[in-house]
Amino acid sequence: MVGEEHVSMIPAAPSEVWSAEVNGQNQEVLAPSNAILLDVLRDKAGCLGVKRGCDMGTCGCCTVLIDGEPRLSCLTMAQDAAGCSITTVEGLADGAHLAPIQQCFADHGGSQCGFCTPGFLITSQALLTKNSNPTDKEVACAIEGNLCRCTGYQQIIESIQAAAAIHRGESESARPASDAHPDPHPSGPEEPTMPPGHAR
Amino acid sequence: MLMPPFELHRPSTVEEACSLAAKLIESGQDFDWIAGGTDLIPNYKWHINTKPHVISLAGIDGVSTISMNEIGCMARLHDIAEGGDAHPLVAEAASKVASSLIRRNATLGGNLCLDTRCFWYNQAEEWRSSIDWCHKCDCGTGSDCRVIPNQNELCVATYQGDVAPTLMVLDATVHLIGPNGARSVLLHDFYQLDGMTRNILQPGEFMLKITLPEDVEDWTGSYRKLRVRESWDFPEAGAAAAWKKGDRSTLRVATTALESIPRRHDEEVANSNGDVKAICDAIYKSTKPVNNTALPPRYRRNMIKVLVKRACEE
């Protein structure tokens with residue numbers, strides 16, 4: 001067959017020390033030179049909340065915050081993010097207490113199958129940090145790089161707007177007023193069951 | 001999809017990058033440049049023309065400047081689109097590239113040197129092996145072109161960058177640098193009609209920056225793009241037009257995503273005496289898209305008339 005020699009049998013990539021601050025903890029791991037950030041975060045740093053979706057920048061499931069900016073970890077070389085402060089979805093919550101954006105996604109049906117949710121949470125958190133009073137159009141523009149096949153996006157936009165109201169201080173509770181099932185543990189368990197960033 | 005094995009080099013100065021490239025060429029080792037990686041990394045994951053070495057330009061300081069007259073190769077499209085420092089026409093085109101997340105990685109240099117695309121080429125390795133490869137992905141082994149069979153002269157993969165036509169109508173100059181020194185050419189002379197060679201970059205050379213003429217602030221224009229999804233997609237056809245404010249006789253038009261290179265249509269504009277309809281018809285006659293992107297070529301060819309007309313509207 002033409003081109004049978006196409007698979008190049010070159011040796012494996014050399015490994016290098018990779019260090020960065022992941023969810024507030026310093027991580028120093030040995031990563032191959034050709035590794036993308038997604039692989040290092042999932043396989044070496046244990047952040048399984050970073051999802052591998054399309055692996056080509058289309059779906060946005062692998063979005064993480066690099067120095068506060070949402071970036072696609074599947075299209076970022078790990079070495080380019082070395083030394084940066086990286087936040088994955090595990091780093092959004094404060095111990096056992098969900099961040100407002102997470103609680104709003106749960107309350108307003110922003111998450112259905114949940115696979116795209118980590119990417120949406122990170123992208124919307126970055127939007128709300130920059131602009132706590134976005135219009136629906138600004139929200140739609142911010143999440144244009146994230147794909148969701150379940151919700152039809154309406155509930156996601158509602159969740160982000162509800163979280164924006166909390167960020168602005170207009171609404172204290174993350175829950176809608178008509179909630180029929182109040183949280184039995186409104187303050188959450190006293191100790192987090194697992195350190196953030198190490199949930200497996 | 002696993003990354004193929006390669007060694008990533010991260011030089012910190014332009015000189016270091018050039019000497020690294022010279023060293024690799026001397027030892028006969030193939031390599032690629034990587035800027036933002038939004039096109040190269042997916043291609044590598046699909047094992048499309050992978051190389052054992054990759055030189056990253058991300059660690060080089062001072063090559064991401066953005067101003068009205070000069071943009072560095074590593075300037076991110078997000079910063080060009082939203083920073084407010086670049087020419088409004090360039091910012092408009094940059095804001096239409098892919099999605100906001102991809103624009104935060106994508107760079108101007110990468111967008112201008114974008115690999116050409118074709119639905120027989122941008123596929124996983126197993127898929128390409130099942131069709132016995134194509135002319136582009138299997139350079140030199142004699143595979144036939146799948147788009148236009150029985151010709152092995154020209155690769156017809158489509159250039160699908162957005163920013164190039166807008167820089168072309170603004171008369172941009174590209175500055176290249178490599179182991180054999182620096183040189184500058186006009187952007188519309190930078191591209192070469194072949195989907196495989198694509199541009200005049202020599203081995204080891206890379207694009208350092210683009211510069212725009214002194215009076216570029218007096219120029220205005222617009223960029224129109226046809227794509228499948230409005231939120232993000234490669235252009236299926238694109239047209240940029242620019243003219244000096246208050247002087248329509250200076251009109252320039254360029255198109256993209258219709259063939260292997262973006263093209264400036266000086267002849268068509270000169271022969272039309274400023275009549276936009278005549279320009280549209282002349283460009284329609286001179287372009288011949290092939291069936292290798294998402295939309296059918298006849299639709300793309302018909303739409304270029306509409307896009308040029310809208311881009312020329314004041």
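Quick notes on this one:
- Accessible area expressed per residue, region A:100-167, with surrounding protein chains retained (probe 1.4 Å, Å²): 40
- Amide H within-cut-off set for B:R117, under 5 Å, with H built and near neighbours excluded: B:T158, B:Y159, B:Q160
- In terms of overall dimensions, the C-alpha atoms belonging to region A:100-167 reach 27, 22, 17 Å along their principal axes, ordered largest to smallest.
- Residue-wise HN-Hα coupling along region B:195-202, computed from phi with Karplus coefficients 6.51, -1.76, 1.60 (Hz; x: Gly, Pro): x, 8, 6, 6, 8, 8, 4, 7
- Per-residue shielding of B:36-43, expressed as the average number of other chain Cβ atoms within 10 Å of the residue Cβ, stands at 5.
- With 29 Å as the limit, the listed pairs B:K96/B:K288; A:K130/B:K245; B:K23/B:K45; B:K245/B:K309; B:K23/B:K136; A:K44/B:K23 have A:K130/B:K245; A:K44/B:K23 beyond it between alpha carbons.
- Per-residue shielding of A:78-87, expressed as the average number of other chain Cβ atoms within 10 Å of the residue Cβ, stands at 2.
- Computed in the context of the full set of protein chains, the accessible area of region B:185-295 at 1.4 Å probe radius has 47% of its extent on carbon or sulfur.
- Rounded to whole Hz, the Karplus (6.51, -1.76, 1.60) HN-Hα couplings of region B:53-65, x for glycine and proline: 10, 10, 9, 8, 8, 5, x, 7, 7, x, 10, 10, 5
- Residues whose amide H falls under 5 Å from that of A:C59, counting only those 5 or more places apart or on a different chain, are A:C54, with hydrogens built in the peptide plane.
- B:D266-A:T135 FRET efficiency (beta carbon distance; Förster radius 35 Å; 0.05 resolution): 0.25
- Centroid-to-centroid separation of region B:1-62 and region B:199-217 [C-alpha atoms, Å]: 20
- The residues of region A:15-91 expose, per residue, 32 Å² of accessible area to a 1.4 Å probe.
- Once both labels are positioned 7 Å from their Cα atoms along Cα-to-Cβ, the gap between B:N150 and A:Q154 label points is 5.5 nm.
- Of every Cα-Cα pair in chain B, the percent that sits beyond 37 Å: 13
- Distances between placed amide hydrogens fall under 5 Å for B:A237 paired with B:L226, all partners being 5 or more residues away or on another chain.
- Solvent-accessible surface of chain B, averaged per residue with a 1.4 angstrom probe and all protein chains in place: 41 square angstrom.
- Spin-label pair B:K285/A:Q25, simplified geometry with 7 Å Cα→Cβ offset, distance in nm: 7.0
- Percent accessible area from carbon and sulfur atoms, region B:26-83, protein chains only, probe 1.4 Å: 42
- Contact order normalised by residue count of chain B, Cα under 8 Å, 6+ apart, percent: 16
- Our coupling estimate for region A:146-152, obtained by passing each phi through the Karplus curve with A = 6.51, B = -1.76, C = 1.60 and θ = phi - 60°, is 10, 9, 10, 9, 9, 7, x Hz, Gly and Pro reported as x.
- Full extension of the chain between A:V17 and A:A165 gives 49.0 nm of extra length, using 0.36 nm per residue less the Cα-Cα distance.
- Accessible surface of region A:100-167 [probe 1.4 Å, protein heavy atoms]: carbon and sulfur percent: 55
- Extension gain (nm, one decimal) between B:K277 and B:T197, 0.36 nm per residue minus Cα-Cα: 25.4 nm
- Total accessible area lost when B and A pair, probe 1.4 Å, Å² to nearest 100: 3200
- Burial of accessible area (probe 1.4 Å, heavy atoms of protein chains only) in region B:1-22, relative to its chain alone, reaches at least 40 Å² for B:M1, B:M3, B:P5, B:F6, B:L8, B:R10.
The values are calculated or read from the model by the stated rules, or taken from the named source; none is laboratory data. Not measured: the values here are computed from a predicted model. When we count neighbours, we look across all protein chains shown, and the Cβ atoms used for this are built from the backbone with ideal geometry, even at glycine. Please note that ligands, DNA and RNA were not included when accessible areas were found on the heavy atoms of the full protein model with its side chains. Shrake-Rupley method; radii C 1.70, N 1.55, O 1.52, S 1.80 Å.
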